[in-house]
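Here, each number is a calculation from the coordinates, and none is a lab measurement. Every value quoted in this text rests on a predicted model; they were computed, and no experiment measured them. Cβ coordinates were reconstructed from backbone atoms using ideal geometry, including for glycine residues, and neighbour counts include every protein chain displayed.
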Amino acid sequence: MKKFYAGAFLDRNYLKTMGIEYPVKLEYYKTRSNNEKTVNEYQLKYGIEIVKTSYNNEKVEVENTLIEELTKDEKIIDRILDKLKINQVTPVCAEYIVEDLLKEIG
């Protein structure tokens, strides 16, 4: 299951400095799975998904990354998602950044 966490369009001035003349939207999702069963209940594991949508004239391009089962602690996943959102992390570098954030936070 996934739940929308946050989203934003990248700053147009920032995009122009990179030669990009079209809007780019980032969406962050919290994922949840319950694959492991304990004695009386399922053990939840949280992950993230990042979706980048580029609106290049009439062509819409979507790129995403899914990193599942990072932690059992929902507060940790929320902190990671907050940092990803604030820094506008895209799918292409998400795995490396999440790995570093897990070391820092968890």
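So if I take the alpha carbon set of the chain, get Rg, then get Rh from the Kirkwood formula, what is the Rg over Rh ratio?
We get a ratio of 1.06 for the chain.
Hey, what did region 2-105 get for relative contact order, percent, Cα under 8 Å, at least 6 apart?
Computed value for region 2-105: 23 percent relative contact order.
Among 98, 26, 66, whose Cα projects farthest towards the positive end of the dipole of the chain, with charges put on the beta-carbon of Lys, Arg (+1) and Asp, Glu (-1)?
26
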